[in-house]
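Here's the structure, in structure tokens; my notes come after.
The values are calculated or read from the model by the stated rules, or taken from the named source; none is laboratory data. It should be emphasised that the depicted structure is a prediction, and the values quoted were computed from it without experimental measurement. Cβ coordinates were reconstructed from backbone atoms using ideal geometry, including for glycine residues, and neighbour counts include every protein chain displayed. The accessibility values were calculated without ligands, DNA or RNA, using every heavy atom of the protein model including side chains. Shrake-Rupley method; radii C 1.70, N 1.55, O 1.52, S 1.80 Å.
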Amino acid sequence: MRLEGWHIVIIVVLAILLFGAPKLPGLARSVGQSLRIFKSEVRQLKDEDAPAKPATDPVTGAVIPPVPPAPVPGAYSPTPNHRDSSYGSYEAPKEP
């Protein structure tokens, strides 16, 4: 089915009747803005899919030092001034 000139005229007349003449410029503006955004997103996707240029600099064999693990919040860690620093010793509570 081909759209002919009179089909387009009928569609335009129906659009004017449904949306009203004052709302049509805003509708056309939002459709144009949506198309621009869509085109820019498609262009960005094409740029991301393009193969990266090979690096011309040789890779050096530098050694990266290991990172110490982060402390766990709420975990018990004895301090140097802690009273019960020796493991396995237990003092019974003194009665008043």
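Results, tabulated for the structure shown:
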{"read-out": "All positions within region 39-59 that are open to solvent by 100 Å² or more (accessible area, probe 1.4 Å) and modelled with pLDDT under 70", "value": "PRO51, LYS53, PRO54, THR56, ASP57, PRO58, VAL59"}
{"read-out": "Any hit, region 14-31, residues being at pLDDT 85 or above and polar (S, T, N, Q)", "value": "yes"}
{"read-out": "Pairs, first at negative phi in region 1-15, second surrounded by 10 or more Cβ atoms within 10 Å (Cβ to Cβ), C-beta under 7 Å, six or more apart", "value": "ALA15/LEU24"}
